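Q: Sharing a structure, written as structure tokens. Questions coming.
The values are calculated or read from the model by the stated rules, or taken from the named source; none is laboratory data. If you're wondering where the values come from, they're calculated on a predicted model, not measured in any experiment. Because the Cβ atoms are built from the backbone with ideal geometry, glycine has one as well, and the counts that use them run over all protein chains shown. To get the accessible areas, we keep the full protein, side chains included, count just its heavy atoms, and leave off ligands, DNA and RNA. Shrake-Rupley method; radii C 1.70, N 1.55, O 1.52, S 1.80 Å.
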Number of protein chains: 2
Amino acid sequence: MTKEITIYDIARELKLSPATISRGLKSSKVINKGTVKRILEKAEELGYRHNNFASSLRKQKSHTIGVLLHELNSNFITSVLSGIEKITAEAGYDIIIAHSGESYEKEVSNVTNLFHKRVDGLIASLSFTTENLDHFKLFFEKNIPVIFFDRADENSDSTHVIIDNYKCGYTVTQHLVEQGCKRIVLLTSNLKRNVYAQRHRGYVDALFDAGIPYNKKLVMIKDLGEESAVAAAHEILKMKPRPDGLFVTNDFKAAVCMQELKRNGVKIPEDIAIVGFNNDAISKLIEPQLSTVNYPGKDMGEITARNLVNHLKGEGNIATTRRIIVKSDLIIRGSSLRKKVHLPL
Amino acid sequence: MTKEITIYDIARELKLSPATISRGLKSSKVINKGTVKRILEKAEELGYRHNNFASSLRKQKSHTIGVLLHELNSNFITSVLSGIEKITAEAGYDIIIAHSGESYEKEVSNVTNLFHKRVDGLIASLSFTTENLDHFKLFFEKNIPVIFFDRADENSDSTHVIIDNYKCGYTVTQHLVEQGCKRIVLLTSNLKRNVYAQRHRGYVDALFDAGIPYNKKLVMIKDLGEESAVAAAHEILKMKPRPDGLFVTNDFKAAVCMQELKRNGVKIPEDIAIVGFNNDAISKLIEPQLSTVNYPGKDMGEITARNLVNHLKGEGNIATTRRIIVKSDLIIRGSSLRKKVHLPL
DNA sequence: TTATAAAATGTAACCGATTGCATAAGTTTT
DNA sequence: AAAACTTATGCAATCGGTTACATTTTATAA
């Protein structure tokens, strides 16, 4: 364990004060250019490394942003992450990633932990089972900025970056109707999560506008696991009359479901047309390829991070922005495309 | 921005010294039990939060472990992560996750950053393009422990946790031979990475043992992208005579490849039997289901983290352990199972 | 050449928890 | 009742960088 080099060591060697070294290391303009050069060279020579603890302690800033994710295992979330990283890195912030694994308890402990770590700001996506935002109070009270993305509480005053889930739900349902579906199952998750609630509303309204009566029995609320997707498929198989359309609010679940339906002799999209959600890699690899809603993860990540960074730098204020909506669109593939499109001659 | 509560505030209120508060907050046995209780209650009452910066500065320990990943987007890696988290959390360590996105430059900057953040230890998996371990020198020189998992440099002295890639390569190839394959393509990546090099060696030896001549043209080295998997499929289609076996060292690539082959009328497994690697979720969802090698991610994560934590606590020394091999096994599914197995009567 | 402003550097007080050593009070031993 | 421990708490230095303010040096204006 070699001794650590500090600014005092550099100061001694160059016969300067620690203050000058501190400023010089940051290439401050108040320090003579030549001096700055000598300081940087000496620092390099001695193997100096900046002490974040001392710096953060004094500045009362960690220069770190916390990122709280509900999961890490989807294309979508890793795209968001890369967007966040790009922006925060450019702005010189470090990030600490915490993921809740969809568990409310873990989310609470992560939030508390990030709070104790004194992150300067927080980017968060709520877990599947989160019921309220009480655990974020710590942040709100101390005015530490928090921005939610994707999974947010739309009723709270907090700033959030989302897609128009209502419109997506509407568009997907409308698309299935156009493909001739009359009995469309919605396989979704906890309606307390804004993303699922809004998609559900879109589904309901699209059916209404198409003159198709809403049938509560066709809405299935399941968790995100593989087993529940298999179970859902079996329920669908037992329904009489058999549904002819299926809108699953998650690609993985849609894929599992489709597989199970196919195994039981259901033809996709002829018997049942299916649309997923998220445009995960999997959607292009299964057969038939899955129609889905493209989620602009990277954009969401960049927008979210940029807002937070600007706020931290004082060039903007997230408190004045409540909601930012990012574009998303329906990708139609084999799992739902039934009719040949005839262009008018 | 409310003022932060410190141990001095608590000390003043309770008419005790800061030293006693500091000890009391950790429920030290040298402090009277009643006093500890009063301290903890007062801390709670005032909304005290521990200052990691001051503590780390003084203790010269961050109580944080750096985790350097090559990517985040696979089942395997997220399992590893959950294993690491489980163990480190139990031991009271925080983790900082950095991922290189398979880029050597990013890896270097991440390693440097984690070094400056003064992590107490590092868990790492090398990026696809990493050529040497020079950037870890900082850690080695200061005796900060580093453990590699999965992607490691097996020739260096560093401690690493891996699976027996040689055996896996051998077993997969042997399995394909048993299925009647005579011309087996190996679609793999950069042989400088130990994982790919070892699998390649296993492939070569299994062919040799089966009396099948090694044909260099059947070994295709490609990067990890989707495009290169498609390109590989096309090369295979052009080969004469057509290969009858395909071993892809990555499930995603195997899936893309299989899709492209099927599109071109190749029957799986009759014309070409395919085996992937990693047992990603995707392997069970495509058709036919993909035979693959199960990678015990969570186990690897736990073992790696446990070794590091024990080392940090002084209850073990990673310097004495060079290599830990975790069990893995072949999962045979539809993509490679050709012959009906006839049990002897 | 002196007055004045600008540039460069220094002084010293923080930031908040930790811990070796000292002290004080209480208990047991002789 | 004095000596020898135990137990509980306090003192004060330390970790290393930052920054308001002061001081010195240098450049420019009068």
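Q: Pick from B:283, B:335: which is buried (at least 20 other Cβ atoms within 10 Å of the Cβ), among the hydroxyl-bearing types (Ser, Thr, Tyr) and part of a loop (DSSP other than H, G, I, E, B)?
A: B:335
Q: A further question follows. Would you call residue A:259 part of a loop (DSSP other than H, G, I, E, B) and under 24 Å from residue B:263 (Cβ atoms)?
A: no
Q: With the condition being touching a Leu at 6+ places or on another chain (Cβ under 8 Å) and outside the structural domain of residue B:112 (by TED's automatic domain parsing), I'd like the strands (runs of 3 or more DSSP E) fully within region B:130-188 carrying at least 3 qualifying residues.
A: B:184-188
Q: Taking residue B:53 as the residue in question, decide whether it is without any contact (Cβ under 8 Å) to a residue 24 or more places away in the chain, touching a Phe, Trp or Tyr at 6+ places or on another chain (Cβ under 8 Å) and of a type in the set (A, V, I, L, M, F, W, C).
A: When the stated conditions are applied, residue B:53 passes them.
Q: Which number in (1) open to solvent by 70 Å² or more (accessible area, probe 1.4 Å); (2) more than 8 Å from DNA strand D (Cβ to nearest atom); (3) within 43 Å of the chain's Cα centre (by Cα); (4) not hydroxyl-bearing (Ser, Thr, Tyr) marks the one condition that residue B:29 misses?
A: Only one criterion is unmet by residue B:29, namely (2).
Q: If we scan region B:115-135, do we find a residue that is open to solvent by 20 Å² or more (accessible area, probe 1.4 Å), among the β-branched types (Val, Ile, Thr) and within 12 Å of chain A (Cβ to nearest Cβ)?
A: Within region B:115-135 (the criterion being open to solvent by 20 Å² or more (accessible area, probe 1.4 Å), among the β-branched types (Val, Ile, Thr) and within 12 Å of chain A (Cβ to nearest Cβ)), the answer is no, since none of the residues qualifies.
Q: State whether one or more residues within region A:331-344 are charged (D, E, K, R) and at pLDDT 95 or above.
A: yes
Q: Is it the case that residue A:74 is closer than 30 Å to residue A:144 by Cα, within 9 Å of another protein chain (Cβ to nearest Cβ), more than 8 Å from DNA strand D (Cβ to nearest atom) and out of contact with any Leu (no Cβ under 7 Å at 6 or more places or on another chain)?
A: So residue A:74 fits the description; yes.
Q: Okay, next question. Taking into account only those residues within region B:42-58 that are assigned to a helix (DSSP H, G or I) and more than 9 Å from every other protein chain (Cβ to nearest Cβ), which is farthest from residue A:82 (Cα to Cα)?
A: Ranking the candidates gives B:42 first.
Q: Counting just the residues of region B:1-21 that are within 10 Å of DNA strand C (Cβ to nearest atom) and among the charged types (D, E, K, R), which one comes out surrounded by the fewest Cβ atoms within 10 Å (Cβ to Cβ)?
A: B:3
Q: Further question: Considering only region A:253-262, state which residues are surrounded by fewer than 24 Cβ atoms within 10 Å (Cβ to Cβ) and either within 10 Å of chain B (Cβ to nearest Cβ) or at pLDDT below 95 (or both).
A: A:259, A:262, listed by residue number.
Q: In contact (Cβ under 8 Å) with a residue 60 or more places away in the chain, β-branched (Val, Ile, Thr) and outside the structural domain of residue B:71 (by TED's automatic domain parsing): which single residue out of B:219, B:248, B:195 fits that description?
A: Residue meeting the stated conditions: B:248.
Q: Being within 16 Å of DNA strand C (Cβ to nearest atom), buried (at least 21 other Cβ atoms within 10 Å of the Cβ) and either among the polar types (S, T, N, Q) or away from chain A (no Cβ under 14 Å) (or both): is that true of residue B:24 here?
A: Yes: the conditions hold for residue B:24.
Q: Quick check on residue B:106: is it touching a residue at least 24 places away in the same chain (Cβ under 8 Å) and assigned to a helix (DSSP H, G or I)?
A: Spelling it out, it is not the case that residue B:106 is touching a residue at least 24 places away in the same chain (Cβ under 8 Å) and assigned to a helix (DSSP H, G or I).
Q: Shifting gears a bit: Is there a residue in region A:75-89 that is among the basic types (Lys, Arg), part of a helix (DSSP H, G or I) and either within 16 Å of DNA strand C (Cβ to nearest atom) or at pLDDT below 90 (or both)?
A: The answer is no, given that none of the residues of region A:75-89 is among the basic types (Lys, Arg), part of a helix (DSSP H, G or I) and either within 16 Å of DNA strand C (Cβ to nearest atom) or at pLDDT below 90 (or both).
Q: Can you say whether residue A:39 is open to solvent by less than 40 Å² (accessible area, probe 1.4 Å) and either more than 14 Å from chain B (Cβ to nearest Cβ) or more than 30 Å from residue B:70 (Cβ to Cβ) (or both), as far as the supplied structure shows?
A: Yes: the conditions hold for residue A:39.
Q: Something else now. State the number of residues belonging to region B:234-255 that are out of contact with any strand residue (DSSP E or B) (no Cβ under 9 Å at 6 or more places or on another chain) and within 27 Å of residue B:167 (Cα to Cα).
A: 1
Q: While we're here: Mind checking which residues of region B:134-157 are at negative phi, modelled with pLDDT under 90 and not charged (D, E, K, R)?
A: Answer for region B:134-157, where residues must be at negative phi, modelled with pLDDT under 90 and not charged (D, E, K, R): B:138, B:155, B:156.
Q: How about region B:274-291: which of its residues are more than 14 Å from chain A (Cβ to nearest Cβ) and either modelled with pLDDT under 95 or touching a helix residue (DSSP H, G or I) at 6+ places or on another chain (Cβ under 7 Å) (or both)?
A: B:275, B:277
Q: Another question, if that's okay. Please identify the pairs in which a residue from region A:136-153 that is away from chain B (no Cβ under 12 Å) has its Cβ atom under 6 Å from the Cβ atom of a residue that is of a type in the set (D, E, K, R), counting only partners at least 6 apart or on another chain.
A: Cβ pairs passing all conditions: A:151/A:193.
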